[in-house]
Amino acid sequence: MCWICDAKTPGASSGPSSHSPWAPRRAFLLAAGAAATAAATAPVLAQVNVGSASTLRNLVPADTLERSATQQYAQVLSEAKAKGALAPDNHPQLKRLRAMAARLIPFTRQWNPRVAGWQWEVNLIGSKQVNAWCMPGGKIAFYTGILDNLKLTEDEAAMVMGHEMAHALREHARARMAKSQATGMGLRLGAQLLGLGDLGGVAANLGTQLLTLKYSRDDETEADLVGLEIAARGAYQPDASVSLWKKMMAANGGKGGPGFLSTHPTGPDRIKQLSANVPKVQALYAQARRQG
């Protein structure tokens, strides 16, 4: 993940135009109970195939990592606020993002039962950075740069949000940290695994790594597809996943995306994979539209 840089001052003038669907500019909690509001009508089976989540993630205690993520999230928001870059609750873009999250959250539980205890948050940071992310436990941040610079439609922004939610749901950060620690601990790992040893402390100390964590090719593919399905269930147009990546590639001269989602696979590969999976979720989108 890439993090806060070039934060806007209150007088920055790089906001969107007045005719944009994301018209210009603390923390909010989406009650965990909101995840149940559409549970009765949501299709049960996943339509995209991403296999099982990594079992290696179990080496790092989830609750410890989520608490650490909450602390890091608060720090990022505090720094943004100090720079005058944290959007207020009445900011139009932020209100749209929070409404979007409320539509997507009900369809996250099938991907991770821990969602029942998450306190989702969505915030907007004024920055030229083309970026968005979701920490373990459902802590989401968007940067105005990704909305404004790419001129995202609401459907495309939902694909971004679904993708970032998927990283948290599939616990990619937890798995990456476990792999990193397993490599670093070497022979000591066996003893620690017997009772998890000091891995709780490891998770707490590694919280700061959330600021710079890079995901693998497989992680990105999973997040693309899981995010596509979540967004489709939330009544967002599946084809927007493809148009989003075309915009990302164009913004980076066809090389695959600036900052946000800039790890493997490359842009063309992602577009091909997403295009192949769009038909799988069209029925979910149509159903959501009928129910909406």
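Only one residue in Val44, Val76, Val48 is assigned to a loop (DSSP other than H, G, I, E, B), at pLDDT 90 or above and among the β-branched types (Val, Ile, Thr). Which one?
Criteria check complete, one pass: Val48.
Given the criteria within 16 Å of the chain's Cα centre (by Cα) and either at pLDDT 95 or above or within 25 Å of Gln110 (Cβ to Cβ) (or both), does Lys151 qualify? Don't jump to the end; show me each part of the working.
Working: within 16 Å of the chain's Cα centre (by Cα): no; either at pLDDT 95 or above or within 25 Å of Gln110 (Cβ to Cβ) (or both): yes.
Considered against the rule, which asks whether it is within 16 Å of the chain's Cα centre (by Cα) and either at pLDDT 95 or above or within 25 Å of Gln110 (Cβ to Cβ) (or both), Lys151 comes out as no.
Of all residues in region 103-117, which are out of contact with any helix residue (DSSP H, G or I) (no Cβ under 6 Å at 6 or more places or on another chain) and either surrounded by 19 or more Cβ atoms within 10 Å (Cβ to Cβ) or under 18 Å from Ala231 (Cα atoms) (or both)?
Passing the criteria: Arg103, Gln110.
What's the number of the only condition in (1) outside any loop (DSSP other than H, G, I, E, B); (2) under 21 Å from Gln75 (Cα atoms) that Val115 fails to meet?
(2)
Quick one: Asn90 ticks every box in (1) over 13 Å from Leu147 (Cβ atoms); (2) buried (at least 22 other Cβ atoms within 10 Å of the Cβ) bar one, so which box is it?
Going through the list (1) over 13 Å from Leu147 (Cβ atoms); (2) buried (at least 22 other Cβ atoms within 10 Å of the Cβ), Asn90 breaks only (2).
Going by the structure shown, is Glu171 more than 13 Å from Ile230 (Cβ to Cβ), modelled with pLDDT under 95 and touching a helix residue (DSSP H, G or I) at 6+ places or on another chain (Cβ under 7 Å)?
yes
Looking at region 189-212, is at least one residue closer than 30 Å to Ala250 by Cβ, in contact with a Lys or Arg (Cβ under 6 Å, 6 or more places away or on another chain) and either at pLDDT below 90 or buried (at least 23 other Cβ atoms within 10 Å of the Cβ) (or both)?
no
The values are calculated or read from the model by the stated rules, or taken from the named source; none is laboratory data. A quick note: this is a predicted structure, and the numbers were derived from the prediction, not measured. Neighbour counts run over all protein chains shown; Cβ positions are idealised from the backbone, glycine included.
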